[in-house]
1. Being assigned by TED's automatic domain parsing to the domain that holds T73, away from the ligand (no atom under 14 Å from the Cβ) and either surrounded by fewer than 16 Cβ atoms within 10 Å (Cβ to Cβ) or free of Cβ contacts under 8 Å to residues at least 40 places away in the same chain (or both): is that true of D267 here?
2. Please determine, by comparing only the residues of the stretch 152-172 that are part of a loop (DSSP other than H, G, I, E, B) and of a type in the set (D, E, K, R), which one is least open to solvent (accessible area, probe 1.4 Å).
3. Can you find even one residue in the stretch 278-297 that is closer than 22 Å to G79 by Cα, more than 17 Å from the chain's Cα centre (by Cα) and assigned to a strand (DSSP E or B)?
4. Within the stretch 173-190, which residues are open to solvent by less than 10 Å² (accessible area, probe 1.4 Å) and among the charged types (D, E, K, R)?
5. Identify, please: which residue in the stretch 201-241 is touching a Lys or Arg at 6+ places or on another chain (Cβ under 6 Å), among the hydrophobic types (A, V, I, L, M, F, W, C) and open to solvent by less than 10 Å² (accessible area, probe 1.4 Å) and is, among those, nearest to L77 (Cα to Cα)?
6. So, G111, is that one more than 13 Å from the ligand (Cβ to nearest atom) and farther than 23 Å from C286 by Cα or not?
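The values are calculated or read from the model by the stated rules, or taken from the named source; none is laboratory data. Nothing here was measured: the structure is a model prediction, and the numbers come from that model. No Cβ is skipped: glycine too gets one built from the backbone with ideal geometry, and neighbour counts run over all protein chains shown. Note: accessible area is taken over every heavy atom of the protein model, side chains too, but ligands, DNA and RNA are not part of it. Shrake-Rupley method; radii C 1.70, N 1.55, O 1.52, S 1.80 Å.
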Amino acid sequence: MSDIPENAPQHCPGSGSAEAGKASACAGCPNQNLCASGPVGPDPAIEIIRNRLANVKHKILILSGKGGVGKSTVTSLLGHGLSKRDPNVNVGVLDADICGPSQPRVLGVRGEQVHSSGSGWSPVYVTDNLSLMSIGFLLGSPDDAVIWRGPKKNGMIKQFLSEVDWGDLDYLLIDTPPGTSDEHLSTVQYLCGGGATAGGGARAVLVTTPQEVALLDVRKELDFCRKLNIPVLGVVENMSVFVCPACNVQSELFPATTGGAAALCSDAGLRLLGRLPLDPRLARCCDSGRDYLAELPNAPAAQALTSIANEIVAACENSSQ
Ligand code: ADP
């Protein structure tokens with residue numbers, strides 16, 4: 001894995017260099033504080049995190065170029081979808097969105113306590129085979145992280161990733177901070193542990209909406225994955241159409257003026273995992289922590305999600321053979 005961040009200045013010395021954060025090229029770089037405060041050479045936390053996640057078969061980063069496109073919604077739906085699909089499969093959701101952890105609310109376990117033992121922090125169980133660990137459980141107040149600066153956020157993410165005792169998991173879905181911010185970069189670098197190999201490292205699912213402003217940012221995210229050698233399982237297009245729950249008529253709320261995710265996938269050689277319609281009942285379920293797939297299994301968005309979960313399972317199984 002390159003240690004040059006995607007948004008680095010032209011003469012970036014690299015985050016592993018003794019000059020990291022101190023060279024003249026670092027002046028004004030958004031990662032300067034992070035690099036200056038980081039250890040030189042590979043961070044020992046990478047090895048600790050790798051060992052911690054050694055019993056996780058598939059680590060899937062859910063990424064989006066910008067906030068509000070449905071990354072957390074898709075993560076929670078996939079958590080429910082993958083765990084319902086096979087009761088013998090264990091699924092974990094890791095909510096690493098330090099500035100806006102929403103999984104405790106969306107998965108209906110807000111206010112639960114995280115217990116710590118000699119083997120680490122235990123995740124909160126949403127169902128028998130779906131567990132959640134959220135940075136939201138650890139923040140004193142939801143406003144805490146917003147005022148932290150880079151190195152403190154970085155330390156929190158490191159501790160968070162290295163101390164959760166997941167047990168054996170088939171799928172770990174990681175809801176990351178949006179974009180390519182410091183915390184996004186450190187989460188991904190710790191999880192990919194110096195190189196994402198097909199078997200060992202994390203793979204990515206990109207979430208976008210159909211309009212060009214969202215696709216523009218998702219292309220940057222794709223570039224980021226390619227630079228960090230993170231295999232991309234495919235793209236989910238969210239809020240593709242609105243299907244009226246009363247009359248089933250479909251309308252395009254966000255027209256795909258440049259061809260939407262389908263065109264992006266065909267240009268970039270990626271798999272379109274599926275298109276999730278907009279459904280106000282889904283937003284209501286997420287706001288009140290109810291399981292949309294259990295409540296409305298026949299709704300178009302629930303069916304689309306089931307098919308997306310099948311695509312992801314197939315893509316994971318193919319790429320680990
Ligand atoms: P992100 O994680 O990308 O910031 P969220 O998943 O938090 O975005 O979604 C933003 C808002 O849009 C939330 O209120 C969520 O309930 C709603 N939402 C996301 N996808 C859908 C959808 N397919 N149908 C209806 N509402 C949706």
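1. On the way: assigned by TED's automatic domain parsing to the domain that holds T73: yes; away from the ligand (no atom under 14 Å from the Cβ): yes; either surrounded by fewer than 16 Cβ atoms within 10 Å (Cβ to Cβ) or free of Cβ contacts under 8 Å to residues at least 40 places away in the same chain (or both): yes.
Yes; evaluated as a whole, the condition is true for this residue.
2. So in the stretch 152-172, the residues part of a loop (DSSP other than H, G, I, E, B) come out as 165-168.
Cutting the leftovers down to of a type in the set (D, E, K, R) gives us 165, 168.
On the way: D165: 54, D168: 107 Å².
Among them, the one singled out is D165.
3. Yes, some residue in the stretch 278-297 is closer than 22 Å to G79 by Cα, more than 17 Å from the chain's Cα centre (by Cα) and assigned to a strand (DSSP E or B).
4. Answer for the stretch 173-190, where residues must be open to solvent by less than 10 Å² (accessible area, probe 1.4 Å) and among the charged types (D, E, K, R): just D175.
5. It comes out as V207.
6. When the stated conditions are applied, G111 does not pass them.
For (1) within 13 Å of the ligand (Cβ to nearest atom); (2) more than 23 Å from T127 (Cβ to Cβ); (3) under 13 Å from the mean Cα position of the chain (by Cα), each residue gets a yes or a no:
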site: L34; (1), (2), (3): no, yes, no
site: S37; (1), (2), (3): no, yes, no
site: E47; (1), (2), (3): no, yes, no
site: N55; (1), (2), (3): no, no, no
site: K66; (1), (2), (3): yes, yes, yes
site: T75; (1), (2), (3): yes, no, yes
site: G81; (1), (2), (3): no, no, no
site: P87; (1), (2), (3): no, no, no
site: N90; (1), (2), (3): no, no, no
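For every residue, the table says whether it meets (1) of a type in the set (D, E, K, R); (2) away from the ligand (no atom under 11 Å from the Cβ).
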residue: D223; (1), (2): yes, yes
residue: K227; (1), (2): yes, yes
residue: G234; (1), (2): no, yes
residue: E237; (1), (2): yes, no
residue: V241; (1), (2): no, no
residue: Q250; (1), (2): no, yes
residue: T257; (1), (2): no, yes
residue: A263; (1), (2): no, yes
residue: A283; (1), (2): no, no
